[in-house]
């Protein structure tokens, strides 16, 4: 549904894309498969279970253990992203085994989509927008203003370089055996061990500030859980490469900088002025790295000042440094999801408010129709423009 274009392998509803009302998704089951049944359906001979499949196992187990509606909704989102990535990248490892597992994963995927549509009371066509607003991060007013300088309304930005789908592929990062690989910039058909020191960044000579920490490089994590990494360029009159460049100003799961040495992801940081992701969006990065077999405790996480708050709601005034495991344990799945959704919707409301007007900060912006046990029914998310 996001990133590299592909068609959902489910029957498309006939309801217009602008319709809000839930329509059952063809092929969906009433409930997700129990963990024991799931493992039986996805066991293939002597083949083991890679980190990605085990992430699905763990999330499904957690879904069945908890009865809380909000927690289940958060886990449904995680299962959506896991299944979506699994199905579009079947050839990464264990090609034969994954080909046999595809049917079971597809069945789980369709049922997860149906449950998400029911929870948000929307059609499958509107679901990508809901996922963007509740799991992702939208370009901030600051980022949009920078990118559209000297641009006519409706025109293509010239200050910032926006990548097309084809050009974005040049900068995609893949993982093999827990190590990151990038395309050789001199030979795009060749993959090499990733090292962010070789990527770097460039500021206009008149700017003496440091764009990124030494050895770090910028990254973008798309809504389809694809990582991209490129040489950033800023301070020039045109063709700057910002965090918004990767997805052409579209929604992301997170952006920032990271340190990769010898293919090992050492550290991540949410220092992106264009998207200003919160600490909760960094959880998207750690979850994606875990999917590729990377242990969260081995990754240093830095949440920049004001992107995080303590248990009393006080915003941080300095950077918060912790490892990926502590980040995930910092708040429950449900709390992380609700905070991420809330702050993104504040961002949307801020971006859609005319200059000089007062921003109406949403206090409860999670649109559920009572389709999950124990879930309250707050007002709907403000419509995107």
Worksheet item: On full extension of the chain, what length is gained from residue 174 through residue 68, given 0.36 nm per residue of separation minus the C-alpha to C-alpha distance?
Response: 34.7 nm
Discussion item. Just to confirm my numbers, what's the Cα centroid distance between the stretch 162-198 and the stretch 28-75 in Å?
Written reply: 31 Å
Fill in: Three-way shape label, the stretch 182-285, alpha-carbon gyration tensor, a/c 1.5
rounded
Discussion item. Per-residue counts of other Cβ atoms within 10 Å, averaged by peptide: what ranking do you get for 210-221, 42-53, 69-80, highest first?
Written reply: 69-80, 210-221, 42-53
Worksheet item: Shape call for the stretch 137-351 from the C-alpha gyration tensor, a ≥ b ≥ c root eigenvalues: rounded (a/c under 1.5), prolate (a/b greater than b/c) or oblate?
Response: oblate
Fill in: the stretch 105-262, Cα convex hull volume normalised per residue, Å³
153 Å³
Item to complete: With a point put 7 Å past each Cα toward its Cβ, work out how far residue 150 is from residue 305 in nm, to one decimal.
Response: 3.3 nm
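Every number here is computed from the coordinates shown, using simple stated rules; none is lab data. Note that the structure is predicted; figures quoted are calculated from it, not measured. So basically every Cβ, Gly included, is an ideal-geometry build from the backbone, and we count neighbours across all protein chains shown.
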